[in-house]
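Here's the structure, in structure tokens; my notes come after.
The values are calculated or read from the model by the stated rules, or taken from the named source; none is laboratory data. In this text, all values refer to a predicted model and were calculated from it rather than measured experimentally. Using ideal geometry, Cβ is built from the backbone for each residue, glycine included, and neighbour counts are taken over all protein chains shown. Ligands, DNA and RNA are excluded from the accessible area calculation, which covers all protein heavy atoms including side chains. Shrake-Rupley method; radii C 1.70, N 1.55, O 1.52, S 1.80 Å.
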Protein chains: 2
Amino acid sequence: MKQTKITLEENEIPERWYNIVADMPNKPLPPLNPATQEPIGPEALAPIFPMALIEQEVSQDRWIPIPEEVRQIYTSWRPSPLYRAHGLEKALDTPAHIYYKYEGVSPAGSHKPNTAVAQAFYNKQAGVKRITTETGAGQWGSALSYACQHFGLGCEVYMVRISYDQKPYRKLMMNTWGAEVIPSPSPQTEAGRKILAEHPDSPGSLGIAISEAMERAATDPDTNYSLGSVLNHVLTHQTVMGQEAIKQMEKAGELPDVVIAPFGGGSNFAGLSFPFLRMNFAEGQNIRCLATEPTSCPKLTRGVFRYDFGDSIGMTPLIPMYTLGHNFVPAKIHAGGLRYHGAGALVSQLLHDKLIDAEAVDQIESFEAGVLFARAEGIIPAPEANHGVASAIREAKEAKEEGKKRVILFNLCGHGHFDMSAYEAYFSGELHRHELSQQDIDSAISEIDTPEIPDTAA
Amino acid sequence: MKQTKITLEENEIPERWYNIVADMPNKPLPPLNPATQEPIGPEALAPIFPMALIEQEVSQDRWIPIPEEVRQIYTSWRPSPLYRAHGLEKALDTPAHIYYKYEGVSPAGSHKPNTAVAQAFYNKQAGVKRITTETGAGQWGSALSYACQHFGLGCEVYMVRISYDQKPYRKLMMNTWGAEVIPSPSPQTEAGRKILAEHPDSPGSLGIAISEAMERAATDPDTNYSLGSVLNHVLTHQTVMGQEAIKQMEKAGELPDVVIAPFGGGSNFAGLSFPFLRMNFAEGQNIRCLATEPTSCPKLTRGVFRYDFGDSIGMTPLIPMYTLGHNFVPAKIHAGGLRYHGAGALVSQLLHDKLIDAEAVDQIESFEAGVLFARAEGIIPAPEANHGVASAIREAKEAKEEGKKRVILFNLCGHGHFDMSAYEAYFSGELHRHELSQQDIDSAISEIDTPEIPDTAA
């Protein structure tokens, strides 16, 4: 019999997170205070984050120990399995060897709990009583609800109104774990009330939901805020995936030629690829790390590298990022987790330094890939995950054209059980291609009024 | 760190299914031809089942080899993990040790693919082109769709109209795997047309859907029919679960005092418990095997042991079963997979011989148990699975009252990702208790007009 799953024992769950800052040839630039354009200090984040996470955010240490309590919760689903995609290889008739790390085994069904559990732990330790956050598609809100439940923390999730109405199952999942889910804009916050006064029927947006969640955290001393991607500490927490994958690829007796992950804010991609980049830095390997973004939101492949806000309203510090501008509104594709205007600072610097690659995939190609994958492998991927599948299929087809073996590893970051309506839209022919014109891109970029990155950083 | 998951390697997937008939002190009585009331021969089943499965249905062999192709597909999710329920034990503050076998890791999200894959394999081998089946809640239809897709077989699922309308995500899951899903009653069959002529708005029923699927199989030589529970070969296929669990309990260094599983037609319960019953038969162990049924459909605890039809229309052979009568219509509880009037022949004989136990749980208790479980363990169980959780909690509470350790193993047979609306109904207080009066039971049983079981079988 052919081995399908390469598994690890619970005592092989990583004992530390990998902080890539220690190995980056050019360190990421500091975030700036938007008012003064001076670098912000840790104290600026203290009203909404616990100090332990702020320290991780600015840490230069290569390795950050994972608390035993966090590793204990990780045992509920980690180590996650690494699959050899025998079915997909056969369907593509390719000489490539395709592997995928499957993160859909977590209770919330994606990689998001890897950081949610860590964030809930440090907040609990700091005496915080409640965490607020925003959620669009619902993956992140679910993960944080699960994590807060474990530590007995309250969890208040501001869910974009239109998602709240369209995805009742995601909301119910959060309720089942005890979270309060509030359709945003809501009358609970100043920001929400202001929007509702002008637009009582507002469908909401991630920007508005962030504002509501941050306002609640900033105004209530017992309440903190939590973010599911973009920030350095979030990306670092996700490196448990890549560290496990390295051990699993070793057990399989192969080294990947290319490591692929879908790209929204960067945590999925960073989590799998950073430990492999470490092999490039420390061992002189030449593993290609490839981020896949949707053509409808192509900040990595068509955006600019400059300071920008992390949210769309302009409440956050200025972050050095590849961006399409914080006012950019991507098309309403079903991969809600990838509809984000910018990339985290770590990933942006690495891309700028040409240490990683990026490509864009249209949603039609992504669903074609997802359905092919589901029929060949069984697992039905989340719409976000389909972007990684699509890139893996491109690589496997190239290998076939070349007639050469290629070892491909991608992150199957979540299942699609709560996204079947997206498949319905695909099957019924309702989906459109979203190729942006150069004029669209130029116009988005010309609206950016935040500071440029100093030349010395290049 | 405490170990949470006890896992096995792929080469530990069982190599044979366990056929309990070989060890039963009283063999199950043969099914009867309803017209002649004579035992039917294998040839009666040949129009709708492949010969390999008919042979398994009547086999007296203790062990049936699992074909390598089937074991190869099993590697996509098997061996499934055994969990130690640390979170639940803590929540209950019990001296009991609670373990659960988690079958939600299969692509279709339940234990059903264990037999679906085997059935699709033997049909493919026999040159069949298409399989029909019925589905209510959708678990079985999903599993068969997945299995047929793998072998390139067509799959036609007659889905009870009301479920088709209420559970669009289940339908889409089947579509994603390439199956055709037809709301039943349908104009595609004689049976469906007859119903529609009288009731154009019929919500359908499992009985009607079975009639439609069987008619299609009986009238098309390229098409066979497939059943997801009740029959001997189906129960036998599921014994991979119990065989794995025995190895995993050995690794954990414990032997269960009680083995628990939810009960619909019997495959879930048989799959986990039969290999443990083998330990009772062959090694003189005294492991209690406990089936949990809903109070709204209590055939094991309040039904009668006699011949009855497997379907509600009377198309099947007469099967010796604990039954409430094939015309019994249980309340519309959300655990659709447990709304079946009878129990398979093997399980019925074992219950009659007092070799297994049964108890009934109300749906309110089952959802209370499911929500407690989800908050303590993370995984959100299917409504069917919640019945097993409820019995496990009862056992753990008893152990606490006694102040004694008790080792409890139950089957967490599937996740609830496609059943969140059931949780919504629970949270919103819409669910009712369904305790049947003795009059209800007497009335149902008095309507049964099928033959009694001869006394000599007792």
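General remarks:
- Packing-based ranking, highest mean first, of A:251-262, A:436-447 given that Cβ atoms within 10 Å are counted: A:251-262, A:436-447
- Computed FRET value (nearest 0.05) for B:Met1 with B:Ser428, which takes r as the C-beta separation and R₀ as 56 Å: 0.90
- Solvent-free Debye scattering, log10 I(q)/I(0), computed from the Cα coordinates of the stretch B:274-386 at q = 0.15, 0.17, 0.20 Å⁻¹: -0.75, -0.90, -1.08
- Residues with amide H under 5 Å from that of A:Val407, placed H, sequence gap 5 or more: A:His97, A:Asp257, A:Val258
- Value of Rg to Rh for the stretch A:391-441, rounded to two decimals, is 1.12; Kirkwood radius and Rg both from alpha-carbon coordinates.
- Whole-angstrom gap from the stretch A:212-241 to the stretch B:69-127, using each part's C-alpha centre: 35 Å
- Shielding by other protein chains, B:69-76, mean Cβ within 10 Å: 3
- Normalised radius of gyration (Cα atoms, divided by 2.2 N^0.38 Å) for the stretch B:311-377: 1.39.
- Projected onto its three principal axes, the C-alpha set of the stretch B:350-458 covers 49, 37, 25 Å, listed from the longest axis down.
- Residues A:Ile313 and B:Glu283, FRET efficiency given R0 of 60 Å [Cβ-Cβ distance, rounded to 0.05]: 0.30
- Counting only cysteine Cβ atoms and a cutoff under 4.7 Å, the protein assembly as shown contains unmatched residues A:Cys289, A:Cys297, A:Cys413, B:Cys289, B:Cys297, B:Cys413.
- The helix-based estimate of mean residue ellipticity at 222 nm for chain B, built from -39,500 (n - 2.57) per DSSP H run of four or more residues and divided by its residue count, is -12000 deg cm²/dmol to the nearest 500.
- Hydrodynamic radius (Kirkwood) for the stretch B:212-294, which is based on Cα pairs only, to one decimal in Å: 14.3 Å
- FRET efficiency estimate (nearest 0.05) - Cβ-Cβ, B:Lys354 to B:Ala22, R0 22 angstrom: 0.65
- Surface per residue (accessible, 1.4 Å probe) for the protein assembly as shown, Å²: 35 Å²
- With bins 5 Å wide beginning at 0, the percent of Cα pairs of the stretch B:1-47 falling in each bin runs 4, 13, 10, 13, 14, 12, 8, 8, 7, 5, 3, 2, 0.
- Working value for the stretch A:105-228: equivalent-ellipsoid semi-axes of 23, 17, 10 Å, each the square root of 5 times a Cα gyration tensor eigenvalue, largest first.
- Karplus-derived HN-Hα couplings along the stretch B:81-91 (A = 6.51, B = -1.76, C = 1.60, θ = phi - 60°), whole Hz, x at Gly and Pro: x, 9, 9, 8, 7, 4, x, 5, 4, 5, 4
- Antiparallel %, DSSP beta bridges [both residues in chain B], to 5: 40 percent
- Residues in the stretch B:411-455 that, when all protein chains are in place, have 30 Å² or more less accessible area than the chain alone would give (probe 1.4 Å): B:His417, B:Phe418, B:Met420, B:Glu424, B:Phe427
- Potential extension, B:Glu68-B:Glu55 segment - 0.36 nm per residue separation minus Cα distance: 2.8 nm
- With respect to the axis relating copies A and B by rotation, the chain A residue whose beta carbon is closest, plus that distance in Å, is A:His417, 2.
- Sorted largest first, extent of the stretch A:35-104 alpha carbons per principal axis (Å): 57, 35, 22
- Using the Cβ of B:Ser163 as centre and a radius below 13 Å, the other residues enclosed give a net charge of +3, where K and R count +1 and D and E count -1.
- Amide H contacts of B:Thr135 (H built 1.01 Å from N, under 5 Å, at least 5 apart or other chain): B:Tyr158, B:Met159, B:Val160
- Tail beyond 43 Å, pair distance distribution of the protein assembly as shown (Cα, percent): 32 percent
- The dipole here belongs to the stretch A:56-136: it is taken about the Cα centre, uses +1 on the Cβ of Lys and Arg and -1 on the Cβ of Asp and Glu, and is about 200 debye.
- Stokes-Einstein diffusion for the stretch A:91-168, with the hydrodynamic radius set to the Kirkwood value over Cα pairs and evaluated at 25 °C in a medium of 0.890 mPa s, equals 174 µm²/s.
- Contact order normalised by residue count of the stretch B:50-138, Cα under 8 Å, 6+ apart, percent: 30 percent
- Normalised by 2.2 N^0.38 Å, with N the number of residues, the alpha-carbon radius of gyration of the stretch B:188-227 equals 1.20.
- For the stretch B:42-51, backbone phi angles converted through the Karplus equation (6.51, -1.76, 1.60; θ = phi - 60°) give residue-by-residue couplings of x, 4, 5, 8, 4, x, 10, 10, x, 4 Hz, Gly and Pro being listed as x.
- Sorted from greatest to least, the principal axis extents spanned by the alpha carbons of the stretch B:159-259 come out as 61, 32, 27 Å.
- Viscosity 0.890 mPa s, temperature 25 °C, Stokes-Einstein D of chain A from Kirkwood C-alpha radius, µm²/s: 112 µm²/s
- Rounded to the nearest Hz, the phi-derived 3J(HN,Hα) couplings of the stretch B:29-36 under the Karplus curve 6.51 cos²θ - 1.76 cosθ + 1.60 (θ = phi - 60°) are 5, x, x, 10, 6, x, 6, 9, where x marks glycine and proline.
- Largest-first ellipsoid semi-axes for the stretch A:2-132, taking √(5λ) over the Cα gyration tensor eigenvalues, angstrom: 35, 21, 14
- Per residue, the average separation of C-alpha pairs within less than 8 Å and at least 6 apart gives chain A a relative contact order of 19 percent.
- The share of accessible area on chain B that comes from carbon and sulfur is 49 percent, using a 1.4 angstrom probe.
- Once B binds A, the 1.4 Å probe can no longer reach about 4000 Å² of accessible area, counting both sides.
- The value of relative contact order for the stretch B:358-447, using C-alpha pairs under 8 Å at least six residues apart, is 33 percent.
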